[in-house]
Amino acid sequence: WHGTGTPVGDPIETGAVANIFGDHGIYITSVKPNVGHTEGASGLVSLIKAVLSLQHREIPPNIKFNVPNPKIPFKERKLAVPVELTPFPEDRLERVSVNSFGLGGSNAHVIVDSARSFAIPEETVTDEESLEGPHLLLFSAASAPSLKSMIQSYEEWLTSRPGTGSQVHNLAYTLANRREHLTYRSFKVAGTGDLPASQGRRIPNQPVNLVMVFTGQGAQWKG
């Protein structure tokens, strides 16, 4: 569901969904209450939520859903907004549809089916021993206290999950390749015993990156 929260757009969109599914009913939800409007990444964020929902076979709750829009026929058309973690219905296909409507008129709709729907076996790690370590964990933060807090959090996480080599392997990859490396840095070698993290140090200032900020949809607000 697109779910912009607009008084005109939401009833139109939910009405179209209700016309398609008829009396069978359907769960509708939105990721915007969790992360806000992410502009050009809105569709991608919704797709990530859809994939994770299929992977875990659970529908995440829609937070901050307190007063339903009276123009949307929730009860009459069996449109359900989950406010608690909800398991996928056993009598339905494991399928999620995502609407993404661009302000400039570029609209997209993605239908995602779970791998289980195609009888594809879940991937298993066949060489778990090779993932046990050692693994280089890179830490960085914008200040020394933040770096210290980050190291402590990850060390507590490692202590609470002994023998999870594949998870530590994935963590090492993410910290090295999918996180911004900030001014205060440290590292830890995991999988070689209880070795402490290195003493953090501050690197020279880096050139300031220019960030462009775009406002979200605001046509529903006066002024």
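The values are calculated or read from the model by the stated rules, or taken from the named source; none is laboratory data. Model, not experiment: these values are computed from the prediction. Glycine also receives a Cβ, built like all others from the backbone with ideal geometry; neighbour counts cover every protein chain displayed.
Checking the structure you have, find out if any residue of segment 89-101 is surrounded by 14 or more Cβ atoms within 10 Å (Cβ to Cβ) and acidic (Asp, Glu). The answer is yes; a qualifying residue exists. Within segment 50-73, identify whether any single residue is at pLDDT 85 or above, within 26 Å of the chain's Cα centre (by Cα), assigned to a helix (DSSP H, G or I) and farther than 23 Å from Asp91 by Cα, and answer yes or no. Taking every residue of segment 50-73 in turn, none turns out to be at pLDDT 85 or above, within 26 Å of the chain's Cα centre (by Cα), assigned to a helix (DSSP H, G or I) and farther than 23 Å from Asp91 by Cα.
If you take the residues of segment 12-49 that are among the β-branched types (Val, Ile, Thr) and outside any helix (DSSP H, G or I), which of them is farthest from Leu79 (Cα to Cα)? If we take residues in segment 12-49 being among the β-branched types (Val, Ile, Thr) and outside any helix (DSSP H, G or I), then Thr38 is farthest from Leu79 (Cα to Cα). Picking from residues in segment 1-31 that are modelled with pLDDT of 85 or more and under 22 Å from the mean Cα position of the chain (by Cα), the one that is surrounded by the most Cβ atoms within 10 Å (Cβ to Cβ) is Thr29.
All conditions in (1) at pLDDT below 90; (2) closer than 21 Å to Gly25 by Cα hold for Pro87, with the sole exception of (1). Check segment 89-105 and report whether any residue there is hydroxyl-bearing (Ser, Thr, Tyr) and farther than 29 Å from Gln167 by Cβ. Yes: segment 89-105 contains one or more residues that are hydroxyl-bearing (Ser, Thr, Tyr) and farther than 29 Å from Gln167 by Cβ.
Within the span defined as segment 145-161, every residue fails to be modelled with pLDDT under 70 and not assigned by TED's automatic domain parsing to the domain that holds Gly43. The set of residues from segment 171-197 being in contact with a Lys or Arg (Cβ under 9 Å, 6 or more places away or on another chain) and at pLDDT 80 or above comprises Thr183, Tyr184, Arg185, Ser186. Each residue in segment 104-129 was checked for being surrounded by fewer than 11 Cβ atoms within 10 Å (Cβ to Cβ) and at pLDDT below 85, and 13 of them qualify. Number of residues in segment 49-75 that are without any contact (Cβ under 8 Å) to a residue 24 or more places away in the chain and surrounded by fewer than 14 Cβ atoms within 10 Å (Cβ to Cβ) equals 7.
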